[in-house]
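Structure, as structure tokens:
The values are calculated or read from the model by the stated rules, or taken from the named source; none is laboratory data. Predicted model only: the values in this text are computed from it and were never measured. So basically every Cβ, Gly included, is an ideal-geometry build from the backbone, and we count neighbours across all protein chains shown.
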Amino acid sequence: MKRTPAFSFVVALLVAVIASCARGPATPGSGASAFPLLAATPPMGFNTWNRFGCNVSDTLVRGMADAMVSSGMKDAGYQYVVIDDCWQVDRDSTGRIVADPERFPNGIKALADYVHEQGLKFGIYTDAGTKTCQGRPGSYGHEDQDARTYAEWGVDYVKVDWCYADSLNAPERYTIVRDAFRKSGRPLVLSICEWGQNDPWEWADTVGQLWRTTGDIYDGWQSVLWIADANNEHQAVAGPGHWNDPDMLEVGNGGMTLDEYRAHFSLWATMAAPLMAGNDLRHMSDDIRDILTNGEVIAVDQDSLGIQGRVVLDRGYGVQVWAKPLADGGAAVTVFNQRADSARAYVRWADVGLENGPATVRDLWAHQDLGVHDDTGVFADRLRVRVPGHGVVMLRITPAR
């Protein structure tokens with residue numbers, strides 16, 4: 001049985017405080033606290049890329065905004081509707097970015113206004129380099145101008161990629177983008193997308209609100225395993241206003257089973273990751289909608305304490321226990337089975353940072369209370385569970401008072 005180092009919620013909190021103090025007080029234009037706090041909890045929304053790639057249009061985005069409302073996703077907490085690459089085609093004689101006139105005949109501002117009318121927020125994409133990943137105009141040398149343009153259009157969130165930027169310095173260029181956003185006068189969430197190549201966990205918490213920690217996700221089980229493992233390494237730097245981003249969700253795109261999608265969603269929530277849906281919201285099965293709108297799992301992701309959960313126990317046979325401390329003094333616990341066959345496992349209070357004693361336990365996918373486990377039984381300090389192959393059991397354990 002392989003164990004990770006002991007997991008202490010107190011230690012996790014102290015690490016975060018010490019790291020914050022080590023950076024020193026923020027000065028105007030240099031630190032996250034010098035600007036109104038954005039993304040106090042991980043951003044939730046939809047991004048066009050995973051499902052639609054370059055096939056974006058005004059009609060598509062309006063349809064996604066409508067579906068976010070009608071599906072119940074807005075009520076579940078999803079806010080942002082984000083257009084990824086390929087909306088832009090050129091710059092005009094003044095250097096102003098130009099949207100594709102055929103795909104966006106009404107312009108971007110009209111589209112942003114429509115999204116806002118639905119009670120949602122609007123996001124867009126650019127690149128810190130000279131071109132976007134699909135060869136469209138990047139923002140290099142136009143940072144201030146683009147930020148002013150986005151502010152005029154009513155943009156709320158900007159994903160900034162890192163293609164055509166090999167010779168550039170990532171902390172420097174993204175700081176230029178951040179400062180341009182601040183000068184625009186509009187609060188713009190900065191999503192840093194340099195795929196973890198420049199160790200953003202070491203500098204990005206004073207630059208953007210979220211930063212990618214890995215390469216791109218794809219709609220497959222091995223991708224989820226690899227990304228979750230890599231993102232787990234950077235737990236200490238996440239917190240309100242600055243989040244590790246293990247990339248967007250693939251839930252509902254057809255490459256995994258329902259159990260695998262539940263595991264994918266559960267792990268992202270446990271890791272306090274941004275929850276950016278990447279499927280076609282207009283055509284979801286009831287099962288997929290139920291995964292994406294599971295309010296009890298979403299509450300774990302959005303917990304105000306803002307601590308990223310991590311692996312606290314690796315049993316060495318394909319079963320891991322992940323834990324995330326919660327603001328109410330309890331813990332979210334995800335028992336994760338990487339094996340194809342079902343497995344039995346148990347959760348001990350001490351392994352997830354809780355003291356032995358009475359605790360209420362709730363299964364967040366079964367939406368079922370498992371009762372109060374007290375100190376009168378043989379296994380009073382633990383709970384046994386059966387986990388489906390490539391699946392999870394996700395629990396909320398709260399000390400009884």
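Can you pull out every residue in segment 137-174 that is surrounded by fewer than 20 Cβ atoms within 10 Å (Cβ to Cβ), in a loop (DSSP other than H, G, I, E, B) and of a type in the set (D, E, K, R)?
D166
Among the residues of segment 65-74, write down those that are in contact (Cβ under 8 Å) with a residue 12 or more places away in the chain and not basic (K, R).
Once the filter is applied, which keeps residues that are in contact (Cβ under 8 Å) with a residue 12 or more places away in the chain and not basic (K, R), segment 65-74 yields A65, D66, A67, M68, V69, S71, G72, M73.
Which of (1) closer than 20 Å to F265 by Cβ; (2) crowded, with 21+ Cβ neighbours inside 10 Å is the odd one out, the single condition A299 does not satisfy?
Among (1) closer than 20 Å to F265 by Cβ; (2) crowded, with 21+ Cβ neighbours inside 10 Å, the lone unmet condition for A299 is (2).
Here is a list: S71, S93. Which entry is surrounded by 17 or more Cβ atoms within 10 Å (Cβ to Cβ), at pLDDT 95 or above and either in the same structural domain as P246 (by TED's automatic domain parsing) or under 29 Å from P240 (Cβ atoms) (or both)?
So the residue among S71, S93 that is surrounded by 17 or more Cβ atoms within 10 Å (Cβ to Cβ), at pLDDT 95 or above and either in the same structural domain as P246 (by TED's automatic domain parsing) or under 29 Å from P240 (Cβ atoms) (or both) is S71.
Is it true that some residue in segment 193-207 is part of a strand (DSSP E or B) and either more than 30 Å from H390 (Cβ to Cβ) or within 15 Å of the chain's Cα centre (by Cα) (or both)?
Scanning segment 193-207 turns up no residue that is part of a strand (DSSP E or B) and either more than 30 Å from H390 (Cβ to Cβ) or within 15 Å of the chain's Cα centre (by Cα) (or both).
Checking the structure you have, find out if any residue of segment 288-296 is in the same structural domain as A238 (by TED's automatic domain parsing), touching a Ser or Thr at 6+ places or on another chain (Cβ under 6 Å) and surrounded by fewer than 24 Cβ atoms within 10 Å (Cβ to Cβ).
yes
Determine which member of the set T59, T41, T4 is modelled with pLDDT of 50 or more, under 30 Å from Q320 (Cα atoms) and among the polar types (S, T, N, Q).
T41
From I227, I217, which residue is within 15 Å of R310 (Cβ to Cβ) and hydrophobic (A, V, I, L, M, F, W, C)?
When all the criteria are applied, what remains is I227.
Go through segment 175-210 and give me each residue that's buried (at least 22 other Cβ atoms within 10 Å of the Cβ), under 16 Å from I124 (Cα atoms) and either touching a His at 6+ places or on another chain (Cβ under 8 Å) or of a type in the set (S, T, Y) (or both).
S191, G208, Q209, L210, listed by residue number.
When the residues of segment 211-268 are filtered to those that are part of a helix (DSSP H, G or I), out of contact with any helix residue (DSSP H, G or I) (no Cβ under 8 Å at 6 or more places or on another chain) and of a type in the set (D, E, K, R), which remaining residue is surrounded by the most Cβ atoms within 10 Å (Cβ to Cβ)?
D259
Six or more apart or on different chains, Cβ atoms under 9 Å: show the pairs whose first residue is in segment 23-51 and closer than 25 Å to A65 by Cβ and whose second is modelled with pLDDT under 50 and of a type in the set (V, I, T).
Sorted first by the residue in segment 23-51, then by its partner, the list stays empty.
Do you know which of the residues in segment 372-391 that are at pLDDT 80 or above and either of a type in the set (V, I, T) or exposed (fewer than 11 other Cβ atoms within 10 Å of the Cβ) (or both) is farthest from the chain's Cα centre (by Cα)?
Step by step, filter segment 372-391, then rank; the result is R384.
Which pairs do you get when a residue that is of a type in the set (F, W, Y), found in segment 101-121, comes within reach of a residue that is surrounded by 14 or more Cβ atoms within 10 Å (Cβ to Cβ), reach meaning Cβ atoms under 8 angstrom, with the pair 6+ apart or on two chains?
Pairs that qualify, where the first residue is of a type in the set (F, W, Y) and the partner is surrounded by 14 or more Cβ atoms within 10 Å (Cβ to Cβ), are F104/S57; F104/D58; F104/W87; F104/L111; Y114/R62; Y114/A65.
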